[in-house]
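*Asks:* Okay, handing you the structure first.
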Amino acid sequence: MDAELYLQRAASHCTAQGSRLTPLRRKILQLALAQSGLVKAYQLLHCLQAERGLDNGVVAPPTIYRALDFLVAHGFLHRVDALNAYVVCPHFACEHDGIMLVCDHCGQVQEVDATHSLGSLWQQCHQHGFQPHQRDLVLTGTCQQCQTA
Ligand SMILES: [Zn+2]
Ligand SMILES: [Zn+2]
């Protein structure tokens, strides 16, 4: 994934939605793009502090979480509650229900678009009067690379 291109597209996506990719939001998204796989909030915090240096003051965790909420709301990141982490979404502009395939061994994350197969799952939840908290599902397992290693 080309990070620069992604950030450009993300910025115009925000403009189209009447919101703004502020420098902090952009920076956080950029840091998330630089990581492969799962992104943890404390890692982002750490990177930001390191870049700003102590002279420029400390970025408060609530600020980071607010920026992360924005990025999740706009579809750039998926929140993976089960792992207390975030994943960059490569196709943020389209409505989709993704499943995260997370490798236990190397931490690699792949997102598969499961909109069709998940449709019937949500329907069953609905029939049971059950409201899932979040729709980003996670499957843990072993990726192809680790299987052959
Ligand atoms: Zn996605
Ligand atoms: Zn793996």
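*Asks:* Is it fair to say residue 129 is within 16 Å of ligand 1 (Cβ to nearest atom), on the phi > 0 side of the Ramachandran plot and modelled with pLDDT of 85 or more?
*Replies:* Against the criterion (within 16 Å of ligand 1 (Cβ to nearest atom), on the phi > 0 side of the Ramachandran plot and modelled with pLDDT of 85 or more), residue 129 does not qualify.
*Asks:* Within region 120-139, can you find the residues that are over 16 Å from residue 78 (Cα atoms) and either surrounded by 11 or more Cβ atoms within 10 Å (Cβ to Cβ) or touching a Cys at 6+ places or on another chain (Cβ under 9 Å) (or both)?
*Replies:* Within region 120-139, 121, 122, 125, 126, 131 meet the criteria.
*Asks:* Follow-up question, since we're still on this one. With the condition kept exactly as written, say whether any residue in region 64-81 is hydroxyl-bearing (Ser, Thr, Tyr) and open to solvent by less than 80 Å² (accessible area, probe 1.4 Å).
*Replies:* no
*Asks:* Shifting gears a bit: Out of everything in region 132-149 that is modelled with pLDDT under 85 and over 14 Å from the mean Cα position of the chain (by Cα), what residue ends up being farthest from residue 69 (Cα to Cα)?
*Replies:* The qualifying residue farthest from residue 69 (Cα to Cα) is 149.
*Asks:* Looking only at region 7-34, how many residues end up being open to solvent by less than 50 Å² (accessible area, probe 1.4 Å) and not small (Gly, Ala, Ser)?
*Replies:* Of the residues in that region, 10 qualify.
*Asks:* Within the set of pairs 6 or more residues apart or between chains, which connect a residue that is in a helix (DSSP H, G or I) inside region 125-149 to a residue that is open to solvent by 100 Å² or more (accessible area, probe 1.4 Å) with Cβ atoms less than 7 Å apart?
*Replies:* Here the result reads 146/105, each pair linking region 125-149 to a residue that is open to solvent by 100 Å² or more (accessible area, probe 1.4 Å).
The values are calculated or read from the model by the stated rules, or taken from the named source; none is laboratory data. This structure is a prediction, so every number in the text was calculated from the model and none was measured. With ideal geometry, Cβ positions are generated from the backbone for all residues, glycine too; neighbour counts draw on all protein chains shown. Heads up: the accessible areas ignore ligands, DNA and RNA and are worked out on the full protein's heavy atoms, side chains in. Shrake-Rupley method; radii C 1.70, N 1.55, O 1.52, S 1.80 Å.
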